Amino acid sequence: MIKEADWITPSATYEDHAAVVYFKDFKAKGKITEAKLYTTCLGVYEAKLNGERISNYYLAPGWTAYHSRLQYQEYDVTKMLKGTNKLEIEVGDGWIRGRVAMKVPKFLKTPSAVLASLYIKYDDGTEENIITDETWNTKRSNISFNELYDGETCDANFKDTKPEKAKLLKWSKSILIPQEGEFITEHERLKPILITAPNGEKILDFGQNMTGYVEIELDAKVGDRVILDCGEVLDADGNFYRDNYRSALAKIDYTCCDGHNVYKPRLTFYGFRYLRVLKYPGKIDPSSFTGICVYSDIKKTGHLECSNKLLNRLFDNIFWGQKDNYLDIPTDCPQRDERNGWAGDAQVFTRTASYNYDVYKFFDKWLQDMAAEQHKDGEVFQFAPRGTMTYKDIMSLPYQNSAAWGDAATICPWEIYMTYGNIEILKKNYKMMSGWVDYITGATKDKYLWTGHFHYGDWLGVDAPEGSYEGKSNKELIATAYYAYSTSLVIKAGKLLKKDVSKYEELYKNIVKAFRKTFPSYQTQTEHAIALHFDLAKDKKSTADSLAKMVKENGNKLTTGFVGTPCLLHALSENGYADVAYSLLLQEEYPSWLFSVRMGATTIWEHWDGKKEDGSFWSEKMNSFNHYAYGAVADWVYGVAAGINRVEEAPGFKEIVIKPVPDKRLSWLEASIDTRCGVVSSKWVYEGDKVRYEITTPSPATIVIEGKTYKVGKGTYIF
Ligand code: BGC
């Protein structure tokens with residue numbers, strides 16, 4: 001239906017970054033029995049019929065690999081149509097024209113455009129299709145500036161410019177795909193308190209680092225202005241701080257009309273806990289402001305709780321970090337001039353993500369974008385979508401990728417398959433998975449290792465040499481371990497899909513051999529953890545002993561970064577050192593998860609010392625307070641502390657292994673996941689020296705309690 005429409009763009013020239021309204025007035029020809037709007041745009045849009053917002057989908061059509069995939073949406077508008085109608089589609093820069101797309105000017109030239117088709121069926125059986133064409137008009141919207149990083153400027157008094165004819169635009173329609181991902185919708189509404197900083201500035205504190213925007217409601221006079229900018233944390237003195245937003249201005253600039261005003265940004269989003277009030281007419285009334293959280297409409301499925309208050313706050317922070325960064329794609333962070341779908345961050349967190357929320361659809365879409373941008377030699381990018389480049393542009397780039405980032409191509413589909421048990425995700429992505437492994441095989445300098453290539457290594461490891469972001473672990477060891485792991489997943493997926501995987505089986509054996517020969521010993525915590533967790537260490541016992549010793553000698557503190565941290569607790573507990581893993585989890589001194597909680601974090605930080613004990617900050621160059629990656633520790637809490645595990649032979653929790661590992665330092669802990677088969681939950685409570693276990697399984701389960709194995713069917717069991 002939508003393909004019958006033509007792409008239209010303004011014939012008038014409006015200011016750069018001003019939003020454009022495309023509109024059409026029309027009369028219904030009779031009594032309407034059905035009406036559907038199909039639409040998309042180049043940018044992001046808000047569509048209205050007769051002045052009313054058509055849907056609860058914000059920032060539509062979402063972010064995809066635009067050169068080959070652009071989602072369109074379908075809305076039932078039967079009840080919204082009248083005799084005389086006005087259809088308006090307001091379009092902003094969004095991702096496609098935003099700075100986020102790619103910082104290369106040539107890629108920022110995508111024009112604003114709309115494609116829409118309104119299908120109407122009348123009660124006499126006749127049909128009508130109102131499509132975008134040259135009969136549509138455009139006008140400049142009252143949003144004079146919009147940019148994802150920089151914010152929005154809106155003047156409620158703006159008088160409509162004279163309607164100008166839209167003109168046709170030649171733009172591909174073969175890139176159109178129906179909506180694949182979740183809708184991006186509004187969620188929690190938070191009320192702020194007003195604080196006066198020591199330097200006199202007025203700051204609204206929403207109590208939670210969030211992603212979305214603020215709604216402003218006030219009575220005002222014409223020309224009164226409200227100007228706000230965003231911050232995530234206060235500095236050591238309690239003053240507003242926003243240097244870590246780097247070049248992102250993240251501003252809200254609203255000019256009021258006479259009387260009652262209600263405004264919220266329509267075409268952008270922000271990451272913030274604090275808003276600095278730079279301008280406000282008269283005495284600031286905090287009740288005029290409401291923080292609205294905006295993210296993909298993912299359903300919460302996970303629950304974690306225990307007897308330790310700080311840990312409970314950490315669990316909350318992990319859930320918030322996910323919501324705040326799951327706005328259509330898994331972003332690294334929602335606030336600074338980045339907000340890209342960094343694949344390494346996404347990969348380490350996928351299992352946790354899939355327990356916390358139902359993210360099947362979310363990943364299904366994102367992985368298709370990653371696959372769409374895979375190079376013909378198999379390389380995938382370090383983030384997806386890459387931007388707005390054509391395939392030709394992508395091919396002309398010097399490739400940048402890294403182990404652990406590119407491996408998202410194998411790990412994410414596998415994790416999603418394991419949690420939801422739907423083999424479709426492997427079918428759709430097998431080509432990308434095997435292609436990635438083939439790419440490494442072709443790109444490495446030394447056969448069966450991954451050498452001679454750029455790698456991020458153990459990104460942001462605590463043991464990074466002064467002035468570097470890259471932890472001191474051997475990058476080629478990490479890369480080779482991931483090469484082995486990705487190959488093992490291609491073998492598993494290939495077997496399920498009945499492919500010939502003999503080549504990969506041979507390859508896997510050789511990588512393991514080469515790994516053991518080349519990396520016979522391990523220096524850092526990350527090297528140990530990776531060798532153990534990926535089942536590569538030749539002598540597991542001595543490697544685990546050495547890792548536990550290192551951790552203890554370091555005062556039960558970690559030295560790991562993005563790559564080592566997600567493996568560390570698993571590597572310890574898989575090898576008899578669950579107590580040491582707990583010591584790391586419960587550590588409150590820097591560097592640790594609970595250090596950030598003690599420092600007031602409401603989300604997961606990018607750096608273990610984003611804010612230091614004395615209140616000073618890590619360099620503003622790379623210091624997000626809303627980077628979910630370290631939140632991957634939740635998969636250890638679900639899987640080891642509470643002991644809830646998926647089974648490869650019966651994925652999607654069709655069978656479950658439940659093997660809780662209690663620790664006396666907590667008096668109780670519970671976890672549950674609302675799986676495709678029903679809710680699985682595991683709780684343990686210390687009663688003196690004894691532990692009482694309460695387990696509910698929706699599927700046949702193997703329950704292991706203090707060394708004893710019980711095979712049970714669906715039900716609730718107390719031990
Ligand atoms: C991002 C990270 C990302 C990294 C690549 C950063 O700028 O924020 O989260 O994974 O670059 O090393």
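The values are calculated or read from the model by the stated rules, or taken from the named source; none is laboratory data. Predicted model, so just to flag it, every value in this text is computed and none were measured. Ideal geometry is used to build each Cβ from the backbone, glycine not excepted, and the neighbour counts take in all protein chains shown.
Numbers for the structure displayed
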item: Test result for ARG676, in the same structural domain as ARG692 (by TED's automatic domain parsing), more than 24 Å from the chain's Cα centre (by Cα), of a type outside the set (Phe, Trp, Tyr) and modelled with pLDDT of 95 or more; result: no
item: Residue list for region 14-30, filter: crowded, with 23+ Cβ neighbours inside 10 Å and either modelled with pLDDT under 95 or part of a loop (DSSP other than H, G, I, E, B) (or both); result: ALA19
item: Odd one out for ARG242 among (1) buried (at least 19 other Cβ atoms within 10 Å of the Cβ); (2) in contact (Cβ under 8 Å) with a residue 40 or more places away in the chain; result: (2)
item: GLY564, sole failed condition from (1) within 16 Å of the ligand (Cβ to nearest atom); (2) within 22 Å of ARG598 (Cα to Cα); result: (2)
item: Residue in region 656-667 that is in contact with a Cys (Cβ under 7 Å, 6 or more places away or on another chain) and closer than 30 Å to GLU338 by Cβ present; result: no
item: Set ALA404, ALA464: member being within 16 Å of the ligand (Cβ to nearest atom), farther than 23 Å from TYR504 by Cα and either in a loop (DSSP other than H, G, I, E, B) or within 23 Å of the chain's Cα centre (by Cα) (or both); result: ALA464
item: Only listed residue being modelled with pLDDT of 95 or more, within 14 Å of THR132 (Cβ to Cβ) and out of contact with any Leu (no Cβ under 7 Å at 6 or more places or on another chain), chosen from TYR58, TYR38; result: TYR38
item: Yes/no for ASP377 being more than 16 Å from the ligand (Cβ to nearest atom) and part of a loop (DSSP other than H, G, I, E, B); result: yes
item: Check on ASN244, touching a helix residue (DSSP H, G or I) at 6+ places or on another chain (Cβ under 6 Å), over 30 Å from ASN56 (Cβ atoms) and outside the structural domain of LEU314 (by TED's automatic domain parsing); result: yes
item: Among residues of region 482-500, those that are free of Cβ contacts under 8 Å to residues at least 60 places away in the same chain and either outside the structural domain of VAL551 (by TED's automatic domain parsing) or closer than 18 Å to ASP535 by Cβ (or both), counted; result: 5
item: Pair list, Cβ < 7 Å and 6+ apart or interchain, from region 620-639 residues that are touching a residue at least 40 places away in the same chain (Cβ under 8 Å) to residues that are of a type in the set (Asp, Glu) and away from the ligand (no atom under 13 Å from the Cβ); result: GLU620/ASP243; PHE625/GLU232; ASN626/GLU232; ASN626/ASP324
item: Matching residues, region 640-685, being aromatic (Phe, Trp, Tyr) and under 20 Å from SER573 (Cα atoms); result: TRP668, TRP684
item: Subset tally (residues that are within 23 Å of LEU249 (Cβ to Cβ) and not in a loop (DSSP other than H, G, I, E, B)) for region 192-206; result: 7
item: Criterion (farther than 20 Å from TRP366 by Cβ and in a strand (DSSP E or B)) met by exactly one of THR33, THR40; result: THR33
item: Verdict on ASP150 being touching a Phe, Trp or Tyr at 6+ places or on another chain (Cβ under 6 Å), closer than 22 Å to GLN335 by Cβ and among the acidic types (Asp, Glu); result: no
item: Residue, farthest from the chain's Cα centre (by Cα), within region 221-278, restricted to residues that are among the hydroxyl-bearing types (Ser, Thr, Tyr), part of a strand (DSSP E or B) and farther than 18 Å from THR602 by Cβ; result: THR255
item: Qualifying positions in region 145-200 - within 22 Å of ARG336 (Cα to Cα) and either modelled with pLDDT under 95 or aromatic (Phe, Trp, Tyr) (or both); result: PHE145, TYR149
item: Matching entry among PHE363, PHE349 (being under 19 Å from TYR420 (Cβ atoms), within 16 Å of the ligand (Cβ to nearest atom), surrounded by 24 or more Cβ atoms within 10 Å (Cβ to Cβ) and touching a residue at least 60 places away in the same chain (Cβ under 8 Å)); result: PHE349
item: Any chance ASN209 is surrounded by 21 or more Cβ atoms within 10 Å (Cβ to Cβ), outside any strand (DSSP E or B) and not assigned by TED's automatic domain parsing to the domain that holds THR153; result: no
item: Selected residue (criterion: surrounded by the most Cβ atoms within 10 Å (Cβ to Cβ)) from residues of region 319-342 that are of a type in the set (Asp, Glu) and within 9 Å of the ligand (Cβ to nearest atom); result: ASP332
item: Matching residues in region 160-215 - criterion: being of a type in the set (Ser, Thr, Tyr) and within 29 Å of ALA372 (Cβ to Cβ); result: SER172, SER174, THR185, THR211
item: THR451 of a type in the set (Val, Ile, Thr) and part of a loop (DSSP other than H, G, I, E, B); result: yes
item: Selected residue [under 23 Å from HIS17 (Cα atoms), outside the structural domain of ILE673 (by TED's automatic domain parsing), in contact with a strand residue (DSSP E or B) (Cβ under 9 Å, 6 or more places away or on another chain) and surrounded by 20 or more Cβ atoms within 10 Å (Cβ to Cβ)] from PHE272, PHE315; result: PHE272
item: Single match in TYR456, TYR420 (criterion: surrounded by 16 or more Cβ atoms within 10 Å (Cβ to Cβ), within 16 Å of the ligand (Cβ to nearest atom), assigned by TED's automatic domain parsing to the domain that holds TYR357 and not β-branched (Val, Ile, Thr)); result: TYR456
item: Extreme residue, surrounded by the fewest Cβ atoms within 10 Å (Cβ to Cβ), among residues of region 142-178 that are within 24 Å of GLU74 (Cβ to Cβ) and under 32 Å from the mean Cα position of the chain (by Cα); result: SER174
item: Pairs with Cβ under 6 Å, 6+ apart, first in region 278-292 and closer than 10 Å to PRO192 by Cα, second part of a strand (DSSP E or B) and among the acidic types (Asp, Glu); result: SER288/GLU217; THR290/GLU215
